[in-house]
1. Using all Cα-Cα distances in the chain, what percent lands in each 10 angstrom bin from 0 up to the longest?
2. Can you give the angle from 0 to 90° between the axis of helix 45-61 and the longest principal axis of the chain, with both taken from C-alpha atoms, to the nearest 10?
3. Report, in deg cm²/dmol and to the nearest 500, the calculated mean residue ellipticity at 222 nm for the chain, where each DSSP H run with n ≥ 4 adds -39500 (n - 2.57) and the sum is divided by the residue count.
4. Charges at C-beta only: +1 for Lys and Arg, -1 for Asp and Glu. How large is the resulting dipole of the chain about its Cα centre, in Debye rounded to 20?
5. Tell me, what is the percent relative contact order of the chain, built from C-alpha pairs under 8 Å that lie six or more residues apart?
6. Set Lys and Arg Cβ to +1 and Asp and Glu Cβ to -1, take the dipole of the chain about its Cα centre, and tell me which of H35, V119, S133 lies farthest positive.
Amino acid sequence: MIGVTDTEGDCAEWSFPAVPGSVRSARHAVRDALHVWGLDAAVGDVAVLLVSELVTNSLRYADGPIGVRLVRPQPDGEGPGSRTAGQALLVEVSDPLPDAPTERMAGPEDEGGRGLQLVACSARRWGTRRGKSGKTVWFELALPG
């Protein structure tokens, strides 16, 4: 892990180097944060799977650090992750490549190509946005309640 940007409050952020071990590190960091927040039972497995897929995509197609950010709903109803905005966990994976990823149809024998399909099928909403240097793929996971 390059660094832990923040894990306090309603947001957790990390930066990982573009090396294969970062997929495992990202999975552990996300699972640990969701456990601390009490959300691991609700969305832990899906969040970890989707982060793993997106970090793997970043490793495959981009060079440079990979950012992972979680924003949990705020109980007071204020801010972008507010619980009154629909009870969702926001997850973002960023990398230096500016090109938006494209969903593709993987064949039955293909070993890859299903990451974005998993995101599209599992997330309440998802999308991409360009940043100052690169792009972010984000998704929301609905929380019970």
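1. 12, 44, 35, 9, 0
2. 40 degrees
3. After summing the helix terms and dividing by the residues of the chain, the value is -9500 deg cm²/dmol.
4. 240 debye
5. Relative CO of the chain lands at 21 percent.
6. My answer, from the dipole projection, is S133.
Taken together, the values in this text are just the output of simple stated rules run on the coordinates, not laboratory data. Nothing here was measured: the structure is a model prediction, and the numbers come from that model. Virtual Cβ from ideal backbone geometry, glycine too; neighbours counted across all protein chains shown.
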